[in-house]
Amino acid sequence: MTPKRRTLLLIWLMMAVAYLDRTNITVAKLTMTHDLHLSEMQFGFVMAAFTFGYALMQIPGGRLADRIGSRPLLVTALVVWSVFTALTGLATSLMSLIAVRVLFGIGEGIENGAQFKLIGDNFAARERSSASAFFLTALPLGSAAAAPAAAWLLGRVGWHALFFWFSLPGLLVAGLLLLFLPRGKAEVVHSDVRDKAGQELGWGDALRRQSSWLAFSAYLFFNVAFWGFIGWMPSYLSQNRHIELKALGMVASVPYLCGFVGMVALGKLGAGAFFGRRAALIAVSYLLAAVFLCVTFTATTVPRCVAGLSLAAFFLYGGFGPFWAVTLDLIPDGMRGAFTGFVNFGGQIGGFVAPIVVGALVTHTHSFTDGFLFMTAALVLAAVSLLWLQKTELSGGRGR
């Protein structure tokens with residue numbers, strides 16, 4: 001196995017563990033809220049606490065990766081978030097749970113810029129859509145594995161011990177990264193991105209570019225829908241479609257598996273026939289996801305509901321590979337970690353808002369309908385940002 005493929009496999013394992021640890025709380029939600037006497041709105045704050053901590057580390061973590069390299073940051077991230085995964089099971093109140101989830105988010109937030117820096121450094125522009133898609137298939141597969149595993153553990157050891165057992169894979173993968181992630185500096189794939197005067201781009205130039213803010217806003221709006229989708233889907237199936245907790249794990253995994261298929265399919269399209277129009281490809285994917293979210297909340301049967309969620313997941317997850325390939329093409333080599341952290345920070349603003357707003361809507365209306373409408377509107381705005389990016393910045397197949 002070549003060093004770049006080994007690197008890709010290792011960060012895939014890391015991301016899979018990250019989503020195991022992020023998703024398990026949604027399965028444990030009903031038991032946790034009962035034991036800790038939390039309302040829907042309060043649980044929304046718990047979900048947002050992770051996003052707050054995660055967002056705080058996006059730009060600092062990316063800048064550190066650009067300065068000292070990705071390897072030490074990724075090992076540190078795994079150890080830190082695994083510790084706070086275990087400590088989630090020791091929470092005894094709303095405030096202690098929020099504190100632990102903020103620190104858990106800080107641990108996971110260290111990883112993002114460092115991982116995308118490795119993809120940018122090791123893969124050429126035409127390879128990044130499929131490489132990013134492969135790396136990020138860990139999102140739906142990790143979430144799919146978390147649902148049945150967490151449901152199984154929940155029924156046997158309870159929610160407190162569940163989080164202890166989920167902390168162990170992260171420590172194992174930290175050891176694998178320490179042993180097998182390539183050391184030292186390999187030859188970096190160069191991206192020649194310059195300002196209008198022909199000078200190499202700096203941070204000030206990047207922040208003045210329209211393309212930077214279009215990518216930022218697109219990811220912000222997308223994450224309103226995405227975090228609402230993964231954060232509240234298990235509760236939606238359980239409370240509105242009356243699926244028993246025992247069946248929740250398997251049913252909740254189906255949309256994530258469809259998300260995996262979407263990532264592979266759109267990742268290949270972004271690396272092939274749609275390479276020059278990747279932003280438009282992502283925009284269409286988000287609009288179709290919005291359509292299927294509408295199908296979901298108007299469904300009157302469980303099969304139609306799950307089908308709508310599954311097709312929404314196909315297009316929500318499908319845009320990840322092309323999106324990050326476009327983002328990496330917008331900046332030079334030395335800014336990859338910090339700039340992807342900047343764009344992901346925008347996403348976390350959306351992710352922070354989404355669970356609070358959806359939680360408030362569910363609490364006050366006793367229905368998930370308004371929450372789905374909120375997510376649908378956000379996807380339309382994300383698509384508009386991407387179409388604008390395609391038309392004004394990427395018409396020649398590159399960022400300007």
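Bear in mind that the values in this text are calculations on the coordinates, not laboratory data. As the structure is a computational prediction, the values presented were derived from the model and not from experiment. Neighbour counts run over all protein chains shown; Cβ positions are idealised from the backbone, glycine included.
Calculated from DSSP H runs of 4 or more alone, at -39500 (n - 2.57) each and per residue, what is the 222 nm mean residue ellipticity of the chain, nearest 500?
Rounded to the nearest 500, the figure is -28500 deg cm²/dmol.
What order do you get for 265-272, 6-13 when each peptide is scored by the mean count of other beta carbon atoms within 10 Å, highest first?
Ranking, from highest mean packing down: 265-272, 6-13.
Under 17 Å between alpha carbons: how many lysine pairs meet that in the chain, if sequence neighbours fewer than 8 apart on the same chain are excluded?
4
For segment 94-103, what does the Karplus curve 6.51 cos²θ - 1.76 cosθ + 1.60, with θ = phi - 60°, yield as ³J(HN,Hα) per residue in whole Hz, taken in order and with x for Gly and Pro?
Ordered by residue, 3J(HN,Hα) equals 4, 5, 5, 5, 4, 4, 5, 6, 4, 5 Hz.
Output the peptides 332-342, 353-363, 367-377 sorted from most to least packed, where packing is the average of other Cβ atoms within 10 Å over each peptide's residues.
Top to bottom by mean Cβ count within 10 Å: 332-342, 353-363, 367-377.
Enumerate the amide H contacts of VAL188 below 5 Å, restricted to partners 5 or more residues apart or on another chain; note that Pro and chain-start residues carry no placed amide H.
The answer is none.
Short version: ³J(HN,Hα) in whole Hz for each residue of segment 354-361, in order, from phi by Karplus 6.51 cos²θ - 1.76 cosθ + 1.60 (θ = phi - 60°), x for Gly and Pro, what are they?
4, x, 5, 5, 5, x, 5, 5
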